[in-house]
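Colleague: Handing you this structure, nothing more for now.
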Amino acid sequence: MSDRARRGLENFLSRRARPPRELREELALPGGPLPLLVRPHNTARRMTLRLSPDGSEARVTVPLGVPLREGAHFARSRIDWLARQRAAAPQAKQLEHGDSLPFRGMALRIEWDKAARRQPLVMQDMLVLGGPEDGLARRIQRWLEAEALALCRADLAEYCAAAKVDAPDLRLSRATRRWGSCSTSGTVRINWRLIMAPDEVRRSVVAHEVAHLVHFDHSPAFHALLARLHGPGLPAADRWLKREGRSLYLHFG
């Protein structure tokens, strides 16, 4: 055996197997199987279980060093709780004339008139639009996404100026796991559904991602910067999102 081959074999044999980064399984619930995702987190001090905002997945976070199988066992021990949570999750409904639509924390009544403009228009407590009725929901979603992009860009510019960092590229997300994210390349993604939440809730998520541009962790320095950027309303915004976040998936499934 050549020296090169021997070194390669030695490196292979000495290489320690890396622990899996996540575990995916299915949980047997009374109403049908539920996907499960178990992941470690470097700041977690205990195992936590939650249901995704749209009710499509159970997620367990475990501290580093805790076997992922223990997280799966933890989820299975709380099947009844998960079943209740999934049953309470909102079921997506196709929007129609006369329905109520959340927009920036307000309730708008959808008024469809074939003779009206296709582009939705907010008039007091109504959202007025025309065009074919069978394309109503699609046009409303496109309008909401455009509004979300414009407002999030303004939020991003404001918070980046306060944090003294350059504003990165901003893209809308349709993720079911996160309200916002910040990649190592600096791109910020914000879930478009936050346009239906109160302004301070959307702005808290944007501020969170801007703080990550400076501190790519959840250290005390990160939280201090986030509190400075968003201001005293941050705890209330966090509570709203935990309490009402699933309601943002009621429409546009």
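Colleague: Sort out which residues of the stretch 43-54 are modelled with pLDDT of 80 or more and either assigned to a strand (DSSP E or B) or open to solvent by 10 Å² or more (accessible area, probe 1.4 Å) (or both), and write them in order of number.
Modeller: Hits for the stretch 43-54 are 44, 45, 46, 47, 48, 49, 50, 51.
Colleague: I'd like to know if the stretch 225-241 contains one or more residues that are farther than 25 Å from residue 105 by Cα and not acidic (Asp, Glu).
Modeller: Among the residues of the stretch 225-241, at least one is farther than 25 Å from residue 105 by Cα and not acidic (Asp, Glu), which makes the answer yes.
Colleague: If I go through the stretch 85-104 residue by residue, how many of them are modelled with pLDDT under 95 and part of a loop (DSSP other than H, G, I, E, B)?
Modeller: 10
Colleague: Look at residue 80 and say whether it is out of contact with any strand residue (DSSP E or B) (no Cβ under 8 Å at 6 or more places or on another chain) and part of a helix (DSSP H, G or I).
Modeller: In short, yes.
Here is a yes/no grid of residues against (1) among the aliphatic types (A, V, I, L, M); (2) at pLDDT below 95:
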{"site": "148", "(1), (2)": "yes, no"}
{"site": "154", "(1), (2)": "yes, no"}
{"site": "172", "(1), (2)": "yes, no"}
{"site": "176", "(1), (2)": "no, yes"}
{"site": "193", "(1), (2)": "no, no"}
{"site": "208", "(1), (2)": "no, no"}
{"site": "241", "(1), (2)": "yes, yes"}
{"site": "248", "(1), (2)": "yes, yes"}
{"site": "252", "(1), (2)": "no, yes"}
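Colleague: Grab the strands (runs of 3 or more DSSP E) fully contained in the stretch 156-231, keeping just those with 1 or more residues being free of Cβ contacts under 8 Å to residues at least 60 places away in the same chain and surrounded by 21 or more Cβ atoms within 10 Å (Cβ to Cβ).
Modeller: In the stretch 156-231, 180-182, 188-191 are the strands (runs of 3 or more DSSP E) which contain 1 or more residues that are free of Cβ contacts under 8 Å to residues at least 60 places away in the same chain and surrounded by 21 or more Cβ atoms within 10 Å (Cβ to Cβ).
Colleague: Also, I was wondering about something else. Residue 137 fails exactly one of the following numbered conditions: (1) open to solvent by less than 60 Å² (accessible area, probe 1.4 Å); (2) assigned to a helix (DSSP H, G or I); (3) at pLDDT 95 or above. What is the number of that condition?
Modeller: So residue 137 meets the others, but not (3).
Colleague: Now for a separate question. Could you tell me which residue of the stretch 85-112 is farthest from residue 245 (Cα to Cα), considering only residues that are charged (D, E, K, R) and surrounded by 13 or more Cβ atoms within 10 Å (Cβ to Cβ)?
Modeller: Only one residue tops the list, namely 111.
Colleague: In addition: When you look at residue 59, is it in contact with a Leu (Cβ under 8 Å, 6 or more places away or on another chain), under 21 Å from residue 176 (Cβ atoms) and either open to solvent by 30 Å² or more (accessible area, probe 1.4 Å) or part of a strand (DSSP E or B) (or both), yes or no?
Modeller: yes
Colleague: Could you look through the stretch 113-131, keep only residues that are open to solvent by 60 Å² or more (accessible area, probe 1.4 Å) and part of a loop (DSSP other than H, G, I, E, B), and pick out the one that is modelled with the highest pLDDT?
Modeller: Going through the qualifying residues, I end up with 125.
Colleague: Which numbered condition trips up residue 237, out of (1) in a helix (DSSP H, G or I); (2) open to solvent by less than 40 Å² (accessible area, probe 1.4 Å); (3) in contact (Cβ under 8 Å) with a residue 40 or more places away in the chain; (4) among the hydrophobic types (A, V, I, L, M, F, W, C)?
Modeller: With respect to (1) in a helix (DSSP H, G or I); (2) open to solvent by less than 40 Å² (accessible area, probe 1.4 Å); (3) in contact (Cβ under 8 Å) with a residue 40 or more places away in the chain; (4) among the hydrophobic types (A, V, I, L, M, F, W, C), residue 237 is out only on (3).
Colleague: Follow-up. Provide a single number: the residues in the stretch 62-73 that are open to solvent by less than 40 Å² (accessible area, probe 1.4 Å) and part of a helix (DSSP H, G or I).
Modeller: Summing the residues that are open to solvent by less than 40 Å² (accessible area, probe 1.4 Å) and part of a helix (DSSP H, G or I) in the stretch 62-73 gives 3.
Colleague: What are the residues in the stretch 124-168 that are within 15 Å of residue 210 (Cα to Cα) and in contact with a Gly (Cβ under 7 Å, 6 or more places away or on another chain), if any?
Modeller: Passing the criteria: only 168.
Colleague: Evaluate the stretch 241-251: report whether one residue or more is free of Cβ contacts under 8 Å to residues at least 60 places away in the same chain and open to solvent by less than 20 Å² (accessible area, probe 1.4 Å).
Modeller: No, the stretch 241-251 contains no residue that is free of Cβ contacts under 8 Å to residues at least 60 places away in the same chain and open to solvent by less than 20 Å² (accessible area, probe 1.4 Å).
The values are calculated or read from the model by the stated rules, or taken from the named source; none is laboratory data. Keep in mind it's a predicted model, so treat the numbers as computed, not measured. Glycine also receives a Cβ, built like all others from the backbone with ideal geometry; neighbour counts cover every protein chain displayed. Just the protein is used for accessible areas: all its heavy atoms, side chains included, with ligands, DNA and RNA removed. Shrake-Rupley method; radii C 1.70, N 1.55, O 1.52, S 1.80 Å.
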